[in-house]
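Okay, structure first, notes after.
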Amino acid sequence: MIVTKKALSRRTVLRGIGTTLALPLLDAMVPALTALQRTPARSLLRFGIVYTPNGIVMDRWIPVAEGRDFDLPPVLQPLATHRDRMIIVSGLDSKNADPLPGEGQGDHARASATFLTGAHPRKTEGPNIAAGASLDQLVAKQLGGETQLSSLELALDATETVGNCDAGYACAYVNTLSWRGVSTPLPMEINPRAVFERLFGDGDSTDPVLRARRLRENRSILDSVQAKARRLQSNLERADQQKLDDYMEAVRDVERRIVKAEEQNTRELPAVDKPVGVPPTYEEHAKLMFDLQVLAFQADLTRVITFMMAREISLRPYPEIGVPDPHHPLTHHRGDVGMIEKVAKINTFHNQLFSYYLDRLHATPDGDGSLLDHILILRGSGMSEGNGHRHDNLPILIAGGATGKLRGGRHIKAPAGTPLCNVFIDLLERLDLPVDRFGDSTGRIDLDDVRL
């Protein structure tokens, strides 16, 4: 048998001046012997984590009814179009975020340090920090060998690297969710330009002077590989031509927005805690970072991304939605109706942005479906009710199709006292990484069990 259809290597890239543009998953990347059957490119399973801090207005997050027959509560209404791709899990606890005798305050630091590790963090302001290896890094260790980057750790709030951030706890505990090991927290990147260059490259140096020179020359990633891209497209079938064209347009759009943000940073702006290159509004920043995540998954540059939409104790205001007050103090509302309404507006706004992310994943073709079909996303917080610093009945949502391994459209109520890590055991099973224990797990919650 003679196979005439050309097949591209999965590692095919376009190289230009100081740049390497990875390609999206194309049908032409299937093995040549299966090409005659027009078999779509195999589905790759990705894993994402999206975290919000300071607690949630829980009576507006948890549905009243269980099972499939439930109504989305107000805070989750922005996610209505993706209802059938979500599982809401209530009743989960993070007991290792509670203080041990004598530890006292520090619930925010413990909330974020425990969220993905299931481990109780050591109370210290010094360098002898300790928590545990995090869920995302366990997955990255297994999947990272097949991609350019084993994982990406992203955030939207600027971080402090040393000192005390929460009642005797080192800043490392609130600055990240990701821990490579017990004493190795991973830094979160907040600058879209730095993320873009990490994904697509920009010469051998990240020196700001050289970056500025590049901006002046207005040489984009796609400009430097344009001729090679045209030659490649001419050899592809129509469906792959469209995929590649859409992908390159998305890359160009992201790069354009980053350049615009950098130009805006030369203007006089209100004092905000951010580096050069970050868009002037939170919404623009969040959407840009979500779009970068979509590109990273689309080009299979990584299969694991952890994203903090804000860090614990965040003082960020949200004037774009009519909340000029800092976030964290609002959550200590002491029952004040006006403050609760503002917290609910912030919670809803975060879900509007998360819905944007799901929209983008759904709209991006991948293998035999979309990126949303082939991803498993853990969305939630290490704190439930912020006013009381509670770590029980956490706001947890799981989204995506996980390559057909996850059935959405349900509210599952776990038995009281169930550790969050019991869900992690199930997620790891769906990621083809079965384990008997993780963190403080006591067993496995089967997300397919109709009795739950």
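Assorted remarks:
- Volume per residue that the Cα convex hull of the range 82-134 spans, once the total is divided by residue count, Å³: 110
- A simple packing score, the average count of other Cβ atoms within 10 Å per residue, orders the peptides 70-79, 421-430, 115-124 as 115-124, 421-430, 70-79, with the highest score first.
- For the range 278-381, taking Cα atoms only, Rg and Dmax work out to 15.9, 50 Å respectively.
- Cα-Cα over 24 Å, subset of Lys95/Lys345; Lys95/Lys123; Lys141/Lys405; Lys243/Lys287: Lys95/Lys345
- Sequence-separation-based contact order of the range 102-178, relative, with Cα cut under 8 Å and 6+ spacing, percent: 41
- Rg/Rh for the range 65-181 (Cα atoms only, Rh after Kirkwood) is 1.05.
- The packing ranking of peptides 105-111, 281-287, 54-60, highest mean first, is 105-111, 54-60, 281-287, where packing means the average number of other beta carbon atoms within 10 angstrom of each residue.
- Under 14 Å, Cβ to Cβ, from Ala363 - net charge with Lys/Arg +1 and Asp/Glu -1: -3
- Size of the range 335-419 as Cα extents on the principal axes (Å, biggest first): 49, 30, 18
- Footprinting exposure proxy for Met339, Met29 (fewest neighbouring C-beta atoms within 10 Å first): Met339, Met29
Bear in mind that the values in this text are calculations on the coordinates, not laboratory data. Remember, it's a predicted structure, so these values are computed and weren't measured experimentally. As a convention, Cβ positions derive from the backbone with ideal geometry for all residues, glycine included, and neighbour counts pool all protein chains shown.
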